[in-house]
Amino acid sequence: MALEDAMKALYIGTKCTKLTTTILFMNLCTIHGVNNKFANELFALLHFHLLFEPNCLVGKYYVARTLTQNLGLNYNNIHACAKRCVLFQGDHKNVVHCPTCGKPCYKDEINMVFPLKVV
């Protein structure tokens, strides 16, 4: 049932589906590192103000994540060296500098936030 709902046209007359549009917007949010609050406002803006009525785009980021997860389309963000030397997972999960090139992993090294590269 969830797949049938996800494959509905976003609105009458479009080729885009609810699932395609949701994935494209979630991908943009991930690539550009926007936080959940901004993503939530983006989905609400699109659903309630910019798209034709009636449309079936989800109005909240949480609902978008639930939709994709229910279809088995999970993803994980993995921090990586800006020079592509190492993925910071497993033994390298809590390092602050790349063990290969010595470059910093984060813009804020003290709090380990704002990774320089995410894959």
Relative to the longest principal Cα axis of the chain, at what angle does helix 18-31 sit, 0 to 90 degrees, rounded to 10? 20 degrees
For the chain, just say rounded, prolate or oblate: build the C-alpha gyration tensor, square-root its eigenvalues into a ≥ b ≥ c, call rounded for a/c under 1.5, and beyond that prolate if a/b exceeds b/c, oblate if not. prolate
Enumerate the calculated ³J(HN,Hα) couplings along the range 71-84 in order (Karplus 6.51 cos²θ - 1.76 cosθ + 1.60, θ = phi - 60°), each rounded to whole Hz, writing x wherever the residue is Gly or Pro. 8, x, 9, 6, 8, 10, 8, 10, 6, 9, 5, 4, 8, 6
Using alpha carbons only, what's the Rg to Rh ratio of the range 2-70 with Rh from Kirkwood? 0.94
Simple spin-label estimate for residue 113 and residue 5 in nanometres, 7 Å along Cα-Cβ: 3.4 nm
Dipole moment magnitude, nearest 20 debye, the range 76-119 about Cα centre, only Lys, Arg, Asp, Glu C-beta charged: 200 debye
Can you give the extra length, in nm with one decimal, that the chain gains between residue 62 and residue 103 once fully stretched, where that is 0.36 nm per residue apart less the Cα-Cα distance? 11.3 nm
Residues whose modelled amide H sits under 5 Å from the amide H of residue 78, counting only those 5 or more places away in sequence or on another chain, are 119
On a 0 to 90° scale, report how tilted helix 61-70 is relative to the longest principal axis of the chain, with both axes built from alpha carbons and the result rounded to the nearest 10. 90 degrees
Find the relative contact order for the chain and round it to a whole percent, using C-alpha pairs within less than 8 Å whose residues are 6+ positions apart. 19 percent
If I stretch the segment between residue 82 and residue 30 completely, what's the gain in nm (0.36 nm per residue apart, minus their alpha carbon distance), one decimal? 17.1 nm
Give, rounded to the nearest 20 debye, the magnitude of the charge dipole that the range 6-79 has about its Cα centre when Lys and Arg contribute +1 at Cβ and Asp and Glu contribute -1 at Cβ. 120 debye
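FYI, it's all coordinate maths here, none of it is from the lab. Since the structure is predicted, the reported quantities are computational estimates derived from the model, not experimental observations. Glycine gets a Cβ as well: all are built from the backbone with ideal geometry, and neighbour counts include every protein chain shown.
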